[in-house]
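What follows is one structure encoded as structure tokens, with my remarks underneath.
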């Protein structure tokens, strides 16, 4: 494991992007960080700026107005950076696939490294996803490293 | 635009709120002189999708308007459809609807208390609030099978019963919640720093509240005595003993008081329901829908939630209009935020408990406007102010 | 005031200007009115009778557009809906009621962008929900609008 992987996996800074979600996923993300599940004890923190982020955590079905902003945010993220989509809407647009205001699923807009399905996913699923992502980075299976 | 005016863009992605929205604060020095907001980052065209769904499916759709109101919207939608068909809902189903509504109110208000702490830079309250709402999520998981998005409601009744074995568990967890709420109430409502930060800040007068048709806790904190649960009785609220909480001041503190005291009422409603709930069927299994139009209103945690459905006799609506409470509460920010300082702007905006996903169903700022502050600077300013007040009060 | 009391005061005040009164149940009533009367009626119902403005719903059915203004009387749990049928289907217009109640500020913006209804006298009909690059003159909530298929999307 090289220096880059070691630094990346030690304390994951997450930037949360809600691209037209129903708030449920966003609440469950915060739930995972607050004392009951407490992801913060593993060094996972939410950061206020994409420029500090290792992981971009996207929720929602990506509506027209947010698509350019999401692309922008992805470009601004320091590389190597990872993208996780959270929830059924993010993974496949779910119930909103027939809407006039959602164009494409998130993984056709930006490259996605991990999916967390569920409506909403439980906080346990969030923890499992982060563990898997860390495993992926450490074993260098993630293409971006 | 005069020279000493500057624009503070906030958003659309900023660390304060989970949902994207773009604020443009026009300030003169520390004072907010104008404000504008651009929403639409959450617009998913739900009203149009609903026109292509059957009435059974549309309940699942409206549940996903907003994660926090995932019990309110389905009930309102079901009520609108029942208004068209004239379906009678069985007694036990009404009790279960009432219970799930009040559980939702408990966790939503607790969530707001936490977020309000976060906006003030008081993260202890944030962590407390979110920790102490977990018993409610657990109750929901036990009763409905999911922590959010309960899929509990259907036209003519409810989908799942509350089992007898679950009732003692619900009561125990509710007691646990109330114990923490007592502590939180003491810590929040008696804190001199919070008094200094919140009292007299962002006042919404009674006249403005009426003019904007403000709803829910936002209106009740401004001495507008409205509550859909009492005024347009649904569920079993007319058979229970409970109070509508109002405050006279209309400031942020009054809104906090209303929400915290309402949680006690909700807990009492749940207890009475569990006590009085009769046995019987939970679903009247309606089969046909007739031509016509119907309106369903319910009191969501943030205020009245309004569904209008027009049906031509086929299996999907001609028009399904949804109006969430924040839609009416939100424009009041113009009344409350102008004239206040920048550091108070965040909590004033948060005081109505805005929910953009409900509402929808401010980033490229004109470069001529200089001196841009980021939302983080706002939090810093707000924390500095808290520290200053603490010093003035002789921190204890 | 009961629902009959409210309906009676509206009918007494406006006489023949209420085209049709439909009392659907003891708590719901629908009144058909002429679009040019909306400001007078809304002012009377909101200011004089003290009803609360719930919301306005635009309905596009059989290529006509109607707007329902829902008002609620909270003392007795009554909802009165004023229905204004817009006659000109290509160029639907109605007077704004924002100077009667500020609560109509956002909903008029929304109906303008989703249905293309022009509210005469409303200065602020900017976009509310749709993105800035949404084409002009395309109104997604109209029945004639068909949601475009996936492959026609711009990326």
Checklist entry - Taking the alpha-carbon centroid of each part, what is the distance from the range C:1-64 to the range B:239-277 in angstrom? => result 33 Å
Item to check | Estimated inter-spin distance, residue C:99 and residue A:41, nm [label 7 Å along Cα→Cβ] | outcome: 6.4 nm
Next on the checklist: Please compute the length gained on full extension between residue B:175 and residue B:223, using 0.36 nm multiplied by the number of residues separating them and subtracting their Cα-Cα distance.
Outcome noted: 14.3 nm
Next on the checklist: Quick check of the Kirkwood formula: for the protein assembly as shown, what is the inverse mean of 1/r over all pairs of different Cα atoms, in Å?
Outcome noted: 26.0 Å
Next on the checklist: For a quick check: sort A:56, A:77 by the number of other beta carbons within 10 angstrom, fewest at the front.
Outcome noted: A:77, A:56
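Thinking of the range B:140-285 as a set of Cα atoms, what percent of all their pairs are more than 28 Å apart?
34 percent
Expressed as a rounded percentage, what relative contact order does chain A have, with Cα pairs under 8 Å and six or more residues apart?
In percent, rounded to a whole number, it is 26.
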Checklist entry - In degrees between 0 and 90, to the nearest 10, how far off the longest principal axis of chain C does helix C:105-115 point, with axes built from Cα atoms? => result 50 degrees
Checklist entry - Roughly what % of DSSP beta bridges within the range A:3-138 run antiparallel, to the nearest 5? => result 5 percent
Checklist outcome for this item: Expressed in nanometres to one decimal, the distance between label points 7 Å along Cα→Cβ at residue B:54 and residue B:383 is 5.5 nm
Next on the checklist: Can you tell me, using C-alpha contacts under 8 Å and at least 6 residues apart, the relative contact order of chain C as a whole percent?
Outcome noted: 18 percent
Checklist entry - Hey, any idea what Rg/Rh is for chain C, computing Rh the Kirkwood way over Cα pairs? => result 1.02
Checklist outcome for this item: Taking the reciprocal of mean 1/r across every pair of different Cα atoms in the range B:257-319, the Kirkwood radius in Å is 15.3 Å
Next on the checklist: Just to be sure I follow: if Rg is taken over the C-alpha atoms of the range B:1-133 and Rh is the Kirkwood radius over the same atoms, what is Rg/Rh?
Outcome noted: 1.11
Checklist entry - Can you tell me the Rg and the Dmax, both Å, for the Cα atoms in chain B? => result 21.6, 71
Item to check | Label-point gap, in nm, between residue C:118 and residue B:199 - each point 7 angstrom along Cα→Cβ | outcome: 5.4 nm
Item to check | 0 to 90° range, to nearest 10: angle between helix A:24-33 axis and chain A longest Cα axis | outcome: 10 degrees
Next on the checklist: Can you compute the FRET efficiency between residue C:8 and residue B:285 using 1/(1 + (r/R0)^6), with r the Cβ-Cβ distance and R0 = 51 Å? Round to the nearest 0.05.
Outcome noted: 0.85
Item to check | Between the range A:69-145 and the range B:95-143, the Cα center-to-center distance that results, in Å | outcome: 27 Å
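Among B:166, B:307, B:109, what is the fewest-to-most ranking by other Cβ atoms within 10 Å?
B:166, B:109, B:307
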Item to check | Zone of residue B:88's modelled label, taken as backbone nitrogen in the range B:271-297 under 18 Å from a point 7 Å along Cα→Cβ | outcome: B:278-288
Item to check | Potential extension, residue B:165-residue B:275 segment - 0.36 nm per residue separation minus Cα distance | outcome: 38.2 nm
Checklist outcome for this item: Quick numbers on chain A, Rg and Dmax over C-alpha atoms in Å, give 14.4, 46
Checklist entry - Over the range C:62-137, what is the relative contact order in whole percent, taking alpha-carbon pairs under 8 Å and six or more residues apart? => result 23 percent
Item to check | Degrees, to the nearest 10: A:123-138 long Cα axis against longest axis of chain A | outcome: 60 degrees
Checklist outcome for this item: Cα-based Rg and Dmax for the range C:57-105, in Å, come out at 12.8, 40
Checklist outcome for this item: Scaled by the rule-of-thumb 2.2 N^0.38 Å, the alpha carbon Rg for the range B:103-180 gives a ratio of 1.24
Checklist entry - Taking Cα centroids, how far is the range B:158-198 from the range B:1-59 in Å? => result 31 Å
Checklist entry - So for the range B:54-126, what percent of the C-alpha to C-alpha distances run longer than 14 Å? => result 69 percent
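Since every read-out is calculated from the coordinates, none of them should be taken as a lab result. The structure presented is a predicted model; accordingly, all values stated were derived computationally and were not measured. Ideal geometry is used to build each Cβ from the backbone, glycine not excepted, and the neighbour counts take in all protein chains shown.
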